[in-house]
Amino acid sequence: NKRQGRSQSKSLVDTPPRSRLFVRVHHHPLIPMLSTMRIFLVAASLALVSSALIPLEFTALEKSTTQKLVIFHDPNVAKSMEKLGVLEALDTAGTYGAEYEYTVCDVTAAANVEPIKGAGFKEFPQIFTQTVEGGIEPFGGDLTAESFAKFHEFRKLDVSSDKVQRMKGSDGKGEVEGAAGVLALAAERPVMVKMYEEWCGHCKKMKKHFQFVSNLPADTINNAVMLEVECSKVGGTFCSDMGTTGFPTVMFLFEGKAMKYTGGRTHAAMAEFLGDKSKWVMEALPPKIAAGKAEL
């Protein structure tokens, strides 16, 4: 079980800080005995908290399926030590019960050096979440107790009711009729067009975020419309004419111009983009779309 595993596994983050504290105390004869005892008590306390985190090697993380918050941790980096403290605080607080494991992968450990290098990680800390619905994803933004609370709150949020519009497909479902309908809509309001397929894993992860933005107050996103196009259902060449080469592809249209949206796929990133017109670097519409030659 979790606690038993912890007691049997030596913490990957215990040794460096405890060793440094021991060296300072042992070799400095001017430190009074009382201060020495206090330092050792602090060191022991820190070790106890750190051991509550679950150390895992990189290869074991790849096989693990439990919901977790993971830090790829370098004990020589101050920022990494700071974020390790956030994981320790979350684990100690117990706010989320047993819903998440708080896991540490020490990138300096011999077993992890080559796999970490192979994964392309160069700067630390790197922080990821693993959830049932989202799989393994980088944690968006700076990890704090507050930001993790927002992450958890969003996971639990029901957005089954949304204001997303859909391009009409072969099944007859949808409000927007073809390329002409999209352009007519974009003549009056900014339109964020997500082109996707149901089988696409990245599209599934983005779906809830896209729905969430559609429900935001209109004045916070410049009255933008969130529009979904399921490419295989609408058929024709609309998606390819819009520049789709993979899924999801997101285009932003307004007043006869367009740009490819390459920002984050989280609700926070999309809302920030829509709410800040200085980020709208518009160009000409794709030629076939502008000429009305997209086939449906």
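The values are calculated or read from the model by the stated rules, or taken from the named source; none is laboratory data. Predicted, not measured: the structure shown is a model, and the values here were computed from it. Glycine gets a Cβ as well: all are built from the backbone with ideal geometry, and neighbour counts include every protein chain shown. SASA here: full protein model, heavy atoms, side chains in, ligands and nucleic acids out. Shrake-Rupley method; radii C 1.70, N 1.55, O 1.52, S 1.80 Å.
Within the stretch 159-192, can you find the residues that are open to solvent by 70 Å² or more (accessible area, probe 1.4 Å) and either part of a loop (DSSP other than H, G, I, E, B) or touching a strand residue (DSSP E or B) at 6+ places or on another chain (Cβ under 7 Å) (or both)? Listed by number, the residues that qualify are 160, 161, 163, 168, 170, 171, 173, 175, 177, 188, 189. Checking each residue in the stretch 244-285 for being at pLDDT below 95 and open to solvent by 80 Å² or more (accessible area, probe 1.4 Å) picks out 245, 265. Cβ-Cβ distances below 7 Å connect the following pairs, each with a first residue in the stretch 111-122 that is in contact (Cβ under 8 Å) with a residue 40 or more places away in the chain, a second residue that is in a helix (DSSP H, G or I), and a separation of six or more residues or different chains: 112/58; 115/58; 115/59; 116/58. Scan the stretch 131-152 residue by residue and report those that are of a type in the set (Val, Ile, Thr) and either surrounded by fewer than 17 Cβ atoms within 10 Å (Cβ to Cβ) or without any contact (Cβ under 8 Å) to a residue 12 or more places away in the chain (or both). Across the stretch 131-152, the qualifying residues are 132, 136, 144. Tallying residues that are farther than 22 Å from residue 75 by Cβ and in contact with a Ser or Thr (Cβ under 6 Å, 6 or more places away or on another chain) within the stretch 96-155 yields 3.
This table checks each residue for (1) in a helix (DSSP H, G or I); (2) at pLDDT below 95; (3) open to solvent by 50 Å² or more (accessible area, probe 1.4 Å).
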position	(1), (2), (3)
76	no, no, yes
80	yes, no, no
85	yes, no, no
90	yes, no, no
102	no, no, no
114	yes, no, yes
122	no, yes, yes
129	no, no, no
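Inside the stretch 287-296, residues that are open to solvent by less than 30 Å² (accessible area, probe 1.4 Å) and more than 20 Å from residue 232 (Cα to Cα) make up a count of 0.
Here's the yes/no breakdown for (1) open to solvent by 30 Å² or more (accessible area, probe 1.4 Å); (2) within 22 Å of residue 158 (Cβ to Cβ); (3) outside any strand (DSSP E or B):
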residue	(1), (2), (3)
194	no, yes, no
207	yes, yes, yes
211	no, yes, yes
216	yes, yes, yes
226	no, yes, no
236	yes, no, yes
240	yes, no, yes
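Total residues in the stretch 188-236 satisfying the condition of being small (Gly, Ala, Ser) and either in contact with a Ser or Thr (Cβ under 7 Å, 6 or more places away or on another chain) or under 14 Å from residue 169 (Cβ atoms) (or both): the figure is 3. Condition first: modelled with pLDDT of 95 or more and open to solvent by 70 Å² or more (accessible area, probe 1.4 Å). Can you find one or more residues in the stretch 33-54 that meet it? No - not one qualifying residue is present in the stretch 33-54. Looking at the stretch 268-278, can you tell me whether even one residue there is of a type in the set (Gly, Ala, Ser), closer than 22 Å to residue 136 by Cβ and assigned to a helix (DSSP H, G or I)? Among the residues of the stretch 268-278, at least one is of a type in the set (Gly, Ala, Ser), closer than 22 Å to residue 136 by Cβ and assigned to a helix (DSSP H, G or I), which makes the answer yes.
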